[in-house]
Amino acid sequence: MFRKQECVAMLLAGGQGSRLYALTRQIAKPAVPYGGKYRIIDFPLSNCINSGIETVGVLTQYRPLVLNEYIGSGEPWDLDRMDAGVHVLPPYQAIAGAGWYKGTANAIYQNIEFIERYDPEYVLVLSGDHIYKMDYSKMIAQHKEKNADCTIAVLEVEMEEAKRFGIMNANEDGSIYEFEEKPANPKSNLASMGIYVFSWQKLRKYLIEDEANPDSSNDFGKNIIPNMLNNGEKLYTYRFDGYWKDVGTIDSLWEANMDLLDPNVPLNMRDTKWRIYSRTAGLPPHYIGKNAKVQNSMISEGSEIEGNMEFSIAFPGVVVEEGAEIVDAILMPGAHVGKNAKVQYAILAEDVVVEEGAVVGEKPEEMENLDEWGVAVVASGIRIGAGVKVPAKAMIEEDQKGGEQA
Amino acid sequence: MIKKTGVCGLIFPSVHDDVLHEMTTVRELGSIPFGGRYRLINFPLSNLVHAGITNISVVTTKKYLSLAQHIGSGKAWDLARKKQGLTLLPALGAKQEEYEGRIIPLHDVLQWLELCEEDYVVMSDCYVVGNINYKALVKSHIASGAEITVAYKTGACPELPDVVVLDTDDNDVVTNLRIGCRPAGEVAYGIGLYVIAREKLIALVEDAYSCGYTSFERDILRARVACGGVRGYEVPEFTMVINSLQSYFDANMAIMDKDIRKKLFPADYPVYTRVHDCAPVVYGLNSEMTGSLAADGAYIDGEVTDSLLFRNVKIETGATVRNCIIMEGSVVHKGAVLENVVLDKNVVVSEGRVLRGAPTYPLYVSKGKQI
């Protein structure tokens, strides 16, 4: 017997995150490191436990090894529970055959059985590619108050930005009358955050109907939400006004990291009332050397910084040797930067080695043609040889031997 | 099949509480914060776990709230087990007063020892910091056939009440054992770490207790030396003895040295501690930090030199911190100057205050004080 849960969260974590290129070569997007010691998935998982939601299904598909390992028993998020907790739900084989998750809605459809065990009133659908702190319990409270069938969290964006998002057109009372995916001429600036609360019985019905339609792409945004709107179901917006960032591209991931160094950005990682939990390596404190200079940066445990760091983020176990310069860069766990090397406007993935005197990335002010500028990325485990120069916007997925141009 | 090592562990966090009386009024010695995110007990606990010893009791006497909170279920040491695991044993049976020696607390926890199935017991105090291979220690004990093995280091005799000084023969058999005298020059001194057969320990404790004895070293160990059953084991690993505020200060400062840091916290034998889920350290635009260590959760916008900052420390703009140890949750406000100071947990130093100790006599501010 499973105890009844008022709300079950389903976290869509199967996406490849192809626009993160080299960073998601071996890991799923939700497992990408973020913010000096976290992985993206720490945010929705911590939001769940902080909101009092203790049953979470994590739907995995693409490259799940690191993600599975990382979630483990759920202990870091206090989600190792007797009859609730976090459960990893990969696609499976059944008598009728085996199927990958065809779309976001299909992923939930295939796990109806999991949800039904807890006999929930509501299902919270989340995605694993956003950075934000949000109290889902308030959203669920509004859902109940409005007696809604579906509540969609929305964020006001700049009108000119609106065409990049799924836009909710709503009446004054918050009821949604239209949903437009990336509209050319947006009527409103309320962008969907990819966070949905459904009344379970209603969602269940739509999932089953959607599955029966062979032409459907089994997607929440493309199918389920429009179908519900067409049938006159009660859909409401839930306004959120805190920090929220999609980290689906190299640029947005880099920016979202840099946001942590800006005291004016309303994402407080030091707030002890809404902690973001993570699985940690348990390393000793980090060391800043006698000749090091560190300003406006974020550094985590076990790192050894002997060089200079400015506007940069060092994850656990990073080494920056003497004379090295790190500017506007993100050094993921275990990255090693050798003597007098430069890493600027770049992301070094896990365990990258930059040898002596190499230069990764370029400063925008030093570019002849600013259109060619972008953040340089080095994939995990790659070695950049001594003296090698990696240009702006480069995506390095193979070792670069010393003395060669990348 | 569960593989048993046949060894259980007993940790005494209160032995030598008095040498750091400044810090032990609110906690036991084993619970004293160390190295930015650890506590002294983390060393023997992690050493036991690395040796595969998973049946462990911590024998507490008084003021054990701090330690009990730190240890919790033992999860942080992988000791929240169905079988065995970590037990906090308050030895409060006979006397409520400060214990002298450990025979009375041992007698109080005899029941636990009797229930154990292991053949051997490793007993450790918490006043020595070191990443010690207990497997090698136990192996040497079993191979030698000794009744009791006393772990020791060679060097200048540390200033400790009732310090144990050994004379050993070529086979490391202890021929003489002196207590509380401090001979000059290099000596072999005990580090509060013993191996003994469980049944033997029970018998010896029962016997000593009946005689009204209190000190394990004086009343049991010394008597067994006369019988030729005590052997020494020289610990090859790097260790530091914490026997005063000054040595506590020096030991923490020693971690600034990369080699010492590697010896205490080797990558393959991490020292486990309770996780607090603090954000990484944030360095502000005005921060100037050199030659220092900082644990997660700190915010630094002042000048920090040759110092150790624990978790959640805040050094505000224009504050100066030189050669200091700042424990968890303490705040140094704008323009304050601290030199050779140890701030215990949650101390607040107000704007512009100046606190100075000497490098040979650090100034200590106790837990929760406002200056």
So for region B:282-365, taking the charge dipole from beta-carbon charges (+1 Lys/Arg, -1 Asp/Glu), which of B:N323, B:A294, B:L343 sits furthest toward the positive end? B:L343
Between helix A:200-212 and chain A, what is the angle of the helix's C-alpha long axis to the longest principal axis, kept within 0 to 90° and rounded to the nearest 10? 80 degrees
Dipole magnitude of region B:7-264, debye to nearest 20 (Cβ charges: Lys/Arg +1, Asp/Glu -1, about Cα centre): 940 debye
DSSP-loop trypsin sites (Lys or Arg not before Pro) across region B:57-154, with at most 10 other Cβ within 10 angstrom: B:K82, B:K83
How many angstrom lie between the Cα centre of region B:276-355 and the Cα centre of region B:150-167? 36 Å
Percent relative contact order for region A:1-117, counting Cα pairs under 8 Å at least six residues apart, stands at 27 percent
At a 10 Å Cβ-Cβ cut-off, how would you order A:I152, A:I195, fewest neighbours first? A:I195, A:I152
Positive dipole terminus of chain A, leading residue within A:N369, A:P186, A:G97 (C-beta point charges): A:G97
Can you order the peptides B:119-131, A:104-116 by their average number of other Cβ atoms within 10 Å per residue, highest first? B:119-131, A:104-116
What is the packing order of peptides B:188-196, A:72-80, taking the mean over residues of other C-beta atoms within 10 Å and listing the highest first? B:188-196, A:72-80
Rel. contact order, % - alpha carbon contacts under 8 angstrom, at least six apart, chain A: 13 percent
Peptide-level mean, for B:258-267, of C-beta atoms on other protein chains within 10 Å: 2
Whole-Å distance linking the alpha carbon centroid of region B:224-262 with that of region A:2-24 is 49 Å
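Just checking the output field for A:275-284: average partner chain Cβ neighbours within 10 Å of each residue's Cβ?
5
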Taking N as the number of residues in region B:282-365, what is its alpha-carbon radius of gyration divided by 2.2 N^0.38 Å? 0.92
GluC sites (Glu not before Pro) within region A:133-203: which are DSSP loop residues with at most 11 other Cβ atoms inside 10 Å? A:E158, A:E172
Within 10 Å of each Cβ in B:271-277, how many Cβ atoms from other chains are there, averaged over the peptide? 4
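Assuming 0.36 nm per residue, please report the length gained on full extension of the stretch A:I112 to A:S137 beyond their Cα-Cα distance.
6.8 nm
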When the dipole is taken about the Cα centre of region A:1-146, and only Lys, Arg (+1) and Asp, Glu (-1) are charged at their Cβ, what size is it in debye, to the nearest 20? 560 debye
Run down the lysines and flag those whose C-alpha is under 28 Å from the C-alpha of B:K135, throwing out any fewer than 8 positions away in its chain. B:K3, B:K4, B:K75, B:K82, B:K83, B:K153, B:K200, B:K258, B:K262, B:K263
Can you list the residues, at least 5 places off or on another chain, whose amide H is less than 5 Å from the amide H of A:L89, using H built in the peptide plane? A:V58, A:L59, A:T60
HN-Hα J couplings of region A:22-33 from phi, Karplus 6.51/-1.76/1.60, θ = phi - 60°, integer Hz, Gly and Pro as x? 4, 6, 10, 5, 10, 9, 6, 3, x, 8, 5, x
Return the lysines within reach of A:K146: Cα separation strictly under 22 angstrom, same-chain partners fewer than 8 residues apart disregarded; answer none if there are no such residues. A:K138, A:K202, A:K205, A:K234
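Just need the relative contact order of region B:7-264 here, percent rounded to a whole number, with Cα pairs under 8 Å and 6+ apart. The partial results should precede the final answer.
Values: 491 pairs, mean separation 58.7, N = 258.
The value is 23 percent.
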Hey, with R₀ at 30 Å, roughly what FRET efficiency would A:Y92 and A:S18 work out to, going by the Cβ-Cβ distance, to 0.05? 0.80
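About the Cα centre of the protein assembly as shown, how large is the charge dipole given +1 on each Lys and Arg Cβ and -1 on each Asp and Glu Cβ? Please answer in debye to the nearest 20.
Numbers: 77 positive and 104 negative charges, 293 e Å.
Dipole magnitude for the protein assembly as shown comes out near 1400 debye.
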Put +1 on the Cβ of every Lys and Arg and -1 on every Asp and Glu Cβ in region A:1-152; which of A:N68, A:Y118, A:T151 then has its Cα farthest towards the positive end of the dipole? A:N68
With θ taken as phi - 60° and the coefficients 6.51, -1.76 and 1.60, list the Karplus ³J(HN,Hα) couplings across region B:184-189 in order, rounded to whole Hz; mark glycine and proline as x. 6, x, 6, 9, 9, 10
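Apply 1/(1 + (r/R0)^6) to the Cβ-Cβ distance of B:L65 and A:K363, taking R0 = 56 Å, and write down the FRET efficiency to the nearest 0.05.
Values: r = 54 Å, r/R0 = 0.96.
Computed FRET efficiency for B:L65 and A:K363: 0.55.
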What lysines sit close enough to A:K401 to cross-link, taking a C-alpha to C-alpha distance under 24 Å and skipping anything fewer than 8 places away on the same chain? A:K339, A:K342, A:K363, A:K389, A:K393
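Laboratory data are not the source of any read-out in this text; all were calculated from the coordinates shown. The structure presented is a predicted model; accordingly, all values stated were derived computationally and were not measured. Neighbour counts run over all protein chains shown; Cβ positions are idealised from the backbone, glycine included.
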